[in-house]
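First comes the structure, then the notes that go with it.
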Amino acid sequence: MTDKDMLFDYLLRLGDNSLILGQRLAEWCGHAPMLEEDLALTNIGLDLLGQARMFLSYAGEVEGNGRDEDRLAYFRDTKDWRNLLLLEQPNGDFAMTMARQFFFDSFQYLQFEALSNSTDERLAGIAAKSLKETTYHRRHSTDWIIRLGDGTDESHERMQRAIEALWGYLPEMFDMDAVDEAMVVDGIGADVAALRPEWDEYVNGVLTEATLTRPEDSWSVRGSREGKHSEHLGYILAEMQFLPRAYPDAKW
Amino acid sequence: MTDKDMLFDYLLRLGDNSLILGQRLAEWCGHAPMLEEDLALTNIGLDLLGQARMFLSYAGEVEGNGRDEDRLAYFRDTKDWRNLLLLEQPNGDFAMTMARQFFFDSFQYLQFEALSNSTDERLAGIAAKSLKETTYHRRHSTDWIIRLGDGTDESHERMQRAIEALWGYLPEMFDMDAVDEAMVVDGIGADVAALRPEWDEYVNGVLTEATLTRPEDSWSVRGSREGKHSEHLGYILAEMQFLPRAYPDAKW
Amino acid sequence: MGVVDREFEKLEAAFQAKVEAEQRIEPKDWMPEKYRQTLIRQMSQHAHSEVVGMLPEGNWLTRAPSLKRKAILMAKIQDEGGHGLYLYSATETLGISRDQMFDQLHSGKAKYSSIFNYPTLNWADIGAIGWLVDGAAITNQIALCRCSYGPYARAMIRICKEESFHQRQGYEIMMTMAQGTEEQRDMAQDALNRWWWPTLMMFGPNDSNSAHSAQSMQWKIKRQSNDELRQKFVDATVPQAEFLNLRIPDDQLKWNEDRGHYDFGEIDWEEFRNVVKGNGLCNRERLQARVDAHEGGRWVREAALAHARKQEARKAAAAA
Amino acid sequence: MGVVDREFEKLEAAFQAKVEAEQRIEPKDWMPEKYRQTLIRQMSQHAHSEVVGMLPEGNWLTRAPSLKRKAILMAKIQDEGGHGLYLYSATETLGISRDQMFDQLHSGKAKYSSIFNYPTLNWADIGAIGWLVDGAAITNQIALCRCSYGPYARAMIRICKEESFHQRQGYEIMMTMAQGTEEQRDMAQDALNRWWWPTLMMFGPNDSNSAHSAQSMQWKIKRQSNDELRQKFVDATVPQAEFLNLRIPDDQLKWNEDRGHYDFGEIDWEEFRNVVKGNGLCNRERLQARVDAHEGGRWVREAALAHARKQEARKAAAAA
């Protein structure tokens, strides 16, 4: 892999994370537990979509093959997607959606903090803007973890179940492969493995306040950095990409 | 519309009905309430798929533009589909799936009986073969209507709810438009409006035996003959057509 | 005539005088009970329409054909949710709670705009909704900006601004589709064919058949008649369709030089009643989606409430 | 040594003699308790594998790329359900009920083939499963056709016929993909890359590490060792891959003239244990799907039972 290939791949990871999570949030549209949450979820979804567009546009430019954000979003099949497995998991109930969001927000907050010091100025700029948004996202999902964890018996049980169901998807966030290493060496990327202690501290604090039990590290899955996904991603893409795939000559 | 156009449209209706219902049954695969039903549902799904292939192949030949069964199945968008609204409704629970199946089987049985006397020999042949299959399908769904209706309180309630939820989709089965009229005049098609009394008699008998209450005729929707569908069909197609749409040059 | 009746007559006269002097009625002002009820009916229907209206557009959010279009649509739907919130609040000033309004919606007692009982079947429908449905809504809402009830009038002013933005975005989608491939053009025409007549029905029955209209006009809840508003919409929209090179599905549509307006065909009110009655393709889905969201979200709202109570109790304990 | 012990030794000797004489053990015959338990474990695992195996293939049923492929796949999955039924029945002859077996599966006590914990990610995976996974299964099953337990041996004979049909269908998909567009070829290679090693693991641990093997061989439940069967599979499959012009992802793979077999690389048993332990991409989904189907279908099974009882009561009342 050339440096360019690696930067391209690295930007795809960032863009795909935001895009797939935003797409999942879009599925909630009109179905949230209260109108205020419909607004909040579309708001967060919009931020994620905006981040995705910036990362993917940049990725396309780095690649230099004329692929723009839409070409990258609509004309890649499963094995070329780089989003974390966590983010393609189904919405489930509101507890599941919020748990997924919380785990990712609290990771993304630290990652964007690191990336806003990137030697790649464009990347640093996107990260700095995104960090502001993610600060709000993290506050929002943190509040819900606490509310639902320390709410009623039912909400506590649902939230505990949710964090257990997602727990094994989390180690993947902190994996470092050759691309990550190279990006760190170049001062472009974030050392995500090094973020783990701070992430743990934040998450532990919130779980404690929410009266939730931190699950055992009993299982974990990974694969997204090599394009090995769960079976959910294929369905997300079939739906998301339908129009551009069905009418490849059209402009929208 | 020329005679040829009308026959093409008529065959599409028959083919699309079988294909979309078969597709819905495929969604149950591996998730049925008991292994025997997994076998039964795939068995019925296979029959429907076989019927669809015969009707669509024939339709393609009548049209004469070189579209084969796959071209018709994978490269038409919503407004060109002619399946009944009933058949694209979501599976819901097993009661909903069986109610949908029962209403359609008992209609299709009569329609195939009529069509097996078609002056169009190829159509008559497909109908005669399909009638045998539908005889088994109708027995299977009838048995479940009775079992669930006259089973436990819960199953009775679920089945009653299912037939009420689907009731307004049924009148469309018996609609006659210009194409239907022309097909009847030519001795090719079935007079579906005329099938209603016999259908009513059969359905009423089964509902009575199942201790279910026939719903009031309080609402009804239609549109499929003009390509006006519910919002569900678009999702079915996005999933079903993904591969041929994504890789239009490929042979499978 | 008793003292109470005389007192009532005086209040009513003062109320009507204020309305006629174009002063706004505010929540704490005296108002006739029927005025209040009429406003609750109309405003809550309006709020419900914003919220139910999120569904047909939400249907294409996951399938929007470019990331930019997806972002625009998402922002639009979010605005609609915001309008819903804003209108529920305005309606609450009349002494009804949001929960009561939801109950009325879910039980079928309160209505939402029947236009949302039609399905969105292709991407051009998203354009058509913005262009036509929002266009019709704005025509209505501009008139409502001078409504006699203050909170409603102010809500309308704010909402109108965003809606006209949405309308332009919708028209832009139609333009892109109409100038696109043959298939896109077909989608645009198909969307116009399906949405044109239902949009005209949004203005309500012809004036000769409009039951509530006279009283609403007297109270200045309504400022222009259904037929006037409909004509205004048609006059504004026909040239836009011509510009798109799309055909409005009405053989009787033509410019009437004498009237200075477009003549147009008879509305099929039978279809209108049919859809209102429950025979639209999506009546059941729309209501069920709202009921499911509300029922499915109950445990979340209860948890939020329970947590807030715990927090307060803790604060109180700490202060003691 | 007591009477009971002596009696037991005699029975056991007679049993072993029968096994060695290649006579089949039938359900009513005396058999050692451990023989029975070993068979229950192995046969129910086999049955569960058929049923869980419906899921990764079912994942592509709604997306099969032609109607013919959809029909073939649907028929194949149906066959697997049938094999499941057939194997559950054969296992029931050993004195365990299907419900008990389901309970063991759902509680995690009973296993299914770990290969099904891998996801199916592109259409070529359906080809690869047929070609490789079914191919490996047949290699195992052919040996089992001469298993000492009659019902199992007979089930295997029947199943082997259908499986070899499936294997040919799978290979045919791979052929079409490998001869297709560049993208299809990539899918085929990607599928082979992902399924090759997990398929080799299906034969179980190396003979030197296989705990149950010796006893199973003595009882003629097993007729060939894991490594023998694995070698047989590799020898048969490598030329097929070459014919497809696909590359097996093993740098150490090469023909060994002396041995008359292919040499191949070390299996990563750590990955195997890891997936068995629960770290496959789909462990949770697969089990959950089965539990959901079973729990979600409870009311249906109860209704069927309730109805059958009512029918019987009516018949009895009519007869009285």
Checklist entry - What tally of residues in the range C:71-88 results from selecting those that are facing chain A (nearest Cβ under 7 Å), more than 13 Å from A:ALA26 (Cβ to Cβ) and surrounded by fewer than 21 Cβ atoms within 10 Å (Cβ to Cβ)? => result 2
Checklist entry - What about C:SER66, is it hydroxyl-bearing (Ser, Thr, Tyr) and crowded, with 21+ Cβ neighbours inside 10 Å? => result no
Next on the checklist: Take C:ARG69 and tell me if it is modelled with pLDDT of 95 or more, charged (D, E, K, R) and not in a helix (DSSP H, G or I).
Outcome noted: no
Item to check | Complete set of residues in the range C:268-294 that are more than 13 Å from chain B (Cβ to nearest Cβ), open to solvent by less than 50 Å² (accessible area, probe 1.4 Å) and in a loop (DSSP other than H, G, I, E, B) | outcome: none
Item to check | Selection within the range A:196-207 - acidic (Asp, Glu) and free of Cβ contacts under 8 Å to residues at least 40 places away in the same chain | outcome: A:ASP200, A:GLU201
Checklist outcome for this item: Among B:ALA210, B:ALA190, B:ALA165, B:ALA182, the single one that is more than 30 Å from D:GLN184 (Cβ to Cβ), touching a residue at least 40 places away in the same chain (Cβ under 8 Å) and either open to solvent by 60 Å² or more (accessible area, probe 1.4 Å) or within 14 Å of chain D (Cβ to nearest Cβ) (or both) is B:ALA210
Next on the checklist: Looking at the structure I just gave you, is D:TRP195 surrounded by fewer than 17 Cβ atoms within 10 Å (Cβ to Cβ), on the phi < 0 side of the Ramachandran plot and either out of contact with any His (no Cβ under 7 Å at 6 or more places or on another chain) or part of a helix (DSSP H, G or I) (or both)?
Outcome noted: no
Checklist entry - Just checking, how many residues over the range A:1-12 are open to solvent by 10 Å² or more (accessible area, probe 1.4 Å) and touching a Gly at 6+ places or on another chain (Cβ under 8 Å)? => result 1
Next on the checklist: So for the range C:44-60 (the condition being touching a Pro at 6+ places or on another chain (Cβ under 9 Å) and of a type in the set (S, T, N, Q)), does at least one residue qualify?
Outcome noted: yes
Next on the checklist: So for the range C:19-31 (the condition being assigned to a helix (DSSP H, G or I), open to solvent by less than 50 Å² (accessible area, probe 1.4 Å) and over 20 Å from C:LYS111 (Cβ atoms)), does at least one residue qualify?
Outcome noted: yes
Checklist outcome for this item: In the set A:GLY22, A:GLY60, the lone residue that is assigned to a helix (DSSP H, G or I), free of Cβ contacts under 8 Å to residues at least 24 places away in the same chain, within 14 Å of chain C (Cβ to nearest Cβ) and open to solvent by less than 10 Å² (accessible area, probe 1.4 Å) is A:GLY60
Item to check | Conditions (1) over 25 Å from C:ILE77 (Cα atoms); (2) among the charged types (D, E, K, R); (3) open to solvent by less than 30 Å² (accessible area, probe 1.4 Å); (4) within 11 Å of chain C (Cβ to nearest Cβ); number of the one not met by A:ARG76 | outcome: (4)
Checklist entry - Take the residues of the range D:32-63 that are facing chain B (nearest Cβ under 8 Å) and hydrophobic (A, V, I, L, M, F, W, C): which is nearest to D:GLN184 (Cα to Cα)? => result D:LEU61
Item to check | Filter pass, D:MET54 being touching a residue at least 40 places away in the same chain (Cβ under 8 Å), open to solvent by less than 30 Å² (accessible area, probe 1.4 Å) and under 19 Å from D:ALA293 (Cβ atoms) | outcome: no
Checklist outcome for this item: Okay, helices (runs of 4 or more DSSP H) sitting entirely in the range C:85-147 with 3 or more residues that are charged (D, E, K, R) and at pLDDT 95 or above, I get C:98-107
Checklist entry - Looking at A:MET159, is it open to solvent by less than 60 Å² (accessible area, probe 1.4 Å), modelled with pLDDT of 95 or more and farther than 27 Å from A:GLY50 by Cβ? => result yes
Checklist entry - Any residue in the range C:174-190 that is in contact (Cβ under 8 Å) with a residue 60 or more places away in the chain and among the small types (Gly, Ala, Ser)? => result yes
Checklist entry - From the set of residues in the range B:213-246 that are among the basic types (Lys, Arg) and within 11 Å of another protein chain (Cβ to nearest Cβ), which is nearest to B:MET1 (Cα to Cα)? => result B:LYS228
Checklist entry - Within the range B:46-65, is there a residue that is in contact with an Asp or Glu (Cβ under 7 Å, 6 or more places away or on another chain) and among the β-branched types (Val, Ile, Thr)? => result no
Item to check | Filter result (acidic (Asp, Glu) and closer than 16 Å to C:LYS68 by Cα) within the range A:55-73 | outcome: A:ASP68, A:GLU69, A:ASP70
Checklist entry - What residue, among those in the range B:106-132 that are touching a Leu at 6+ places or on another chain (Cβ under 8 Å) and of a type outside the set (A, V, I, L, M, F, W, C), is nearest to B:THR211 (Cα to Cα)? => result B:TYR109
Item to check | Answer residue from the range D:228-251, given it is farther than 30 Å from D:LYS18 by Cβ and open to solvent by 50 Å² or more (accessible area, probe 1.4 Å) and is nearest to the chain's Cα centre (by Cα) among those | outcome: D:ALA236
Checklist entry - If you check B:GLY15, B:GLY30, which single one turns out to be at the interface with another protein chain (Cβ under 7 Å from one of its Cβ atoms), touching a Leu at 6+ places or on another chain (Cβ under 8 Å) and surrounded by 23 or more Cβ atoms within 10 Å (Cβ to Cβ)? => result B:GLY30
Checklist entry - Does at least one position in the range C:216-227 carry a residue that is open to solvent by less than 60 Å² (accessible area, probe 1.4 Å), outside any loop (DSSP other than H, G, I, E, B), among the aromatic types (Phe, Trp, Tyr) and farther than 26 Å from B:LEU233 by Cα? => result no
Checklist entry - Could you count how many residues in the range D:93-134 are open to solvent by 30 Å² or more (accessible area, probe 1.4 Å) and without any contact (Cβ under 8 Å) to a residue 40 or more places away in the chain? => result 7
Item to check | Criterion (of a type in the set (Ser, Thr, Tyr), more than 20 Å from A:ALA165 (Cα to Cα) and in a helix (DSSP H, G or I)) met by exactly one of A:SER118, A:SER130 | outcome: A:SER130
Next on the checklist: I'd like to know if the range A:154-161 contains one or more residues that are under 18 Å from the mean Cα position of the chain (by Cα) and more than 10 Å from chain C (Cβ to nearest Cβ).
Outcome noted: no
Item to check | Among (1) touching a helix residue (DSSP H, G or I) at 6+ places or on another chain (Cβ under 6 Å); (2) open to solvent by 20 Å² or more (accessible area, probe 1.4 Å); (3) among the hydroxyl-bearing types (Ser, Thr, Tyr) - the single one B:SER130 does not satisfy | outcome: (2)
Checklist entry - Can you name the number of the only condition in (1) among the small types (Gly, Ala, Ser); (2) more than 20 Å from the chain's Cα centre (by Cα); (3) on the phi > 0 side of the Ramachandran plot that D:GLY278 fails? => result (2)
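The values are calculated or read from the model by the stated rules, or taken from the named source; none is laboratory data. Keep in mind that what you see is a predicted model, and the values were worked out from it rather than measured. Here the Cβ is made from the backbone with ideal geometry for all residues, glycine too, and neighbour counts use every protein chain on show. Remember, those area values only see protein heavy atoms, side chains included, never the ligands or the DNA or RNA. Shrake-Rupley method; radii C 1.70, N 1.55, O 1.52, S 1.80 Å.
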